[in-house]
Amino acid sequence: MNLLLSFPILATASAAAQNQPPVLFDNKGLALFAILAGVAVFIGLVALVGRLLAATHPDAPATAKAAAPTKAAATPAPAEADAVTPEVLAAIAASIFVTLGPKAKIAEIRTPAPSVEALMQMWALEGRRQIYTSHNLR
């Protein structure tokens with residue numbers, strides 16, 4: 001019986017005769033190596049396809065540079081509550097000047113979009129307001 005287990009083909013036949021499923025890898029290290037080799041091959045294929053796509057689809061050239069912002073456009077009055085205030089603009093401009101030097105220009109400052117949680121909280125507050133205003137005062 002020991003001779004049968006040393007040969008994988010005979011061991012598979014012996015396992016089938018004993019109603020046991022055949023073992024693909026007898027050694028766990030060999031199985032781990034096979035999995036890691038498969039992952040490495042997959043990563044290599046993805047990198048190869050990425051390079052092929054990058055070579056066949058080059059980036060579009062920049063057609064025009066953004067116009068230099070005027071002094072009025074650089075410090076707009078905040079129209080909304082989320083707009084950047086002049087104090088924040090001054091702090092950003094000062095930090096850019098100190099970090100990058102006097103030749104650096106600020107092209108655009110964007111405020112981040114509100115998060116989903118903030119939007120959900122606004123809806124919850126509006127719902128509470130509607131409920132409380134619908135109740136009769138005593």
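Details
- Under the simplified labelling scheme, the Arg51-Arg128 pair shows an inter-label distance of 5.8 nm, with each label point 7 Å from Cα along Cα→Cβ.
- Neighbour-count ranking [beta-carbon atoms within 10 angstrom, fewest first] of Lys28, Lys105: Lys28, Lys105
Only the coordinates and a few stated rules stand behind these numbers; no lab work does. Since the model is a prediction, treat every value here as computed from it, not as a measurement. Positions of Cβ are generated from backbone atoms using ideal geometry, with glycine treated the same way; all protein chains shown enter the neighbour counts.
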